[in-house]
Amino acid sequence: ARQLKASQCSYCPKCFEFPLAVDNGAELQPALEEKPHVPFVPGHNLNPDGARRFYELVRDRRSVRAFNATLKPPIEVLEDCIRSAGTAPSGAHTEPWTFCVVEQLALRQAVREIVEHEEHINYSARMQKQWVTDLRPLQTNAYKPYLTDAPYLVLIFKQTHGTTTDGRKKQHYYNEISTSIAAGILLCALQAAGLCSLVTTPLNCGPALRRLLDRPPNEKLLILLAVGYAAEDCKVPDLERKALQQIMVKY
Ligand code: IYR
């Protein structure tokens, strides 16, 4: 392995060193297989209409807490949505996510039991009074019928690390950000497919849900998504969103 001077990085035009010659000791392996780069052929046509249509699509997404318990969307549609989520960028292309799709009623009931038990403690003791007050307009509480009414629950786990082909620990850089981006893409895909969803982040439920689904300890629950069609009598809070001028600053 080559010694680096304190002022010299492993590779940049300034240091003018080529990275492949650097520190490629037996114990170091790149997370991603080293292969020649291939040409990328981008679309050159600006598509402002596409941006507008995408906005109009995602604008109508709402967090739904009342699901139709008798109508189940085809699993293939959900699979396509998760395929889209899997296109998210990730740290060193480690793809540090697992999407567990729970369809079996007995398992959804078990998830609900775990979540309702913990949420009861959350709402009554763990969450500060101000937090519970802030949630009042959303009309949420520890009672979660949507967890058994929704035909699918998608439990999104971030993988804190992976395993190399020779069984060693593989770093998963930015696993939480990467998995959150994938979750965002999943929400858009579900919306594009005409499905409704609810993002929940059940406090203190991660370990029990991980064990319920028999997931390994390197997987930590990030988001629990309920997915399905909205109930006929579903109501949502009359929310407004911040205007562009409030969320974007131009320089
Ligand atoms: N996880 C709880 C509480 C909750 C917290 C926030 I911040 C919300 O925006 C909504 C709910 C629950 O699901 O009820």
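The values are calculated or read from the model by the stated rules, or taken from the named source; none is laboratory data. Worth saying up front: this structure is predicted, and the values here are computed from it rather than measured. Don't worry about glycine lacking a Cβ; one is built from the backbone with ideal geometry, like all the others, and counts go over all protein chains shown.
Within the bounds of region 72-79, is there any residue that is more than 22 Å from SER178 (Cα to Cα), touching a residue at least 12 places away in the same chain (Cβ under 8 Å), within 16 Å of the ligand (Cβ to nearest atom) and of a type in the set (Lys, Arg)?
The answer is no; no qualifying residue exists.
ASP166 fails exactly one of the following numbered conditions: (1) of a type in the set (D, E, K, R); (2) surrounded by 12 or more Cβ atoms within 10 Å (Cβ to Cβ); (3) away from the ligand (no atom under 15 Å from the Cβ). What is the number of that condition?
(2)
Just to verify a result, which residue in region 201-215, among those that are surrounded by fewer than 17 Cβ atoms within 10 Å (Cβ to Cβ) and free of Cβ contacts under 8 Å to residues at least 24 places away in the same chain, is farthest from the ligand (Cβ to nearest atom)?
ASP214
Looking only at residues that are closer than 24 Å to GLY206 by Cβ and under 14 Å from the mean Cα position of the chain (by Cα) in region 71-90, which one is surrounded by the fewest Cβ atoms within 10 Å (Cβ to Cβ)?
It comes out as GLY86.
Go through PHE40, PHE16, PHE54 for me and flag whichever is more than 22 Å from PHE157 (Cα to Cα), of a type outside the set (S, T, N, Q), out of contact with any strand residue (DSSP E or B) (no Cβ under 6 Å at 6 or more places or on another chain) and at pLDDT below 80.
PHE16
Of everything in region 79-108, what is closer than 13 Å to VAL227 by Cβ and touching a Pro at 6+ places or on another chain (Cβ under 9 Å)? Give them in sequence order.
Answer for region 79-108, where residues must be closer than 13 Å to VAL227 by Cβ and touching a Pro at 6+ places or on another chain (Cβ under 9 Å): GLU103, ARG108.
Among the helices (runs of 4 or more DSSP H) contained in region 161-251, which hold 1 or more residues that are farther than 28 Å from TRP131 by Cα and hydrophobic (A, V, I, L, M, F, W, C)?
175-192, 206-212
Please work out if GLN159 is away from the ligand (no atom under 12 Å from the Cβ), in contact (Cβ under 8 Å) with a residue 60 or more places away in the chain, closer than 18 Å to LEU224 by Cα and surrounded by 13 or more Cβ atoms within 10 Å (Cβ to Cβ).
yes
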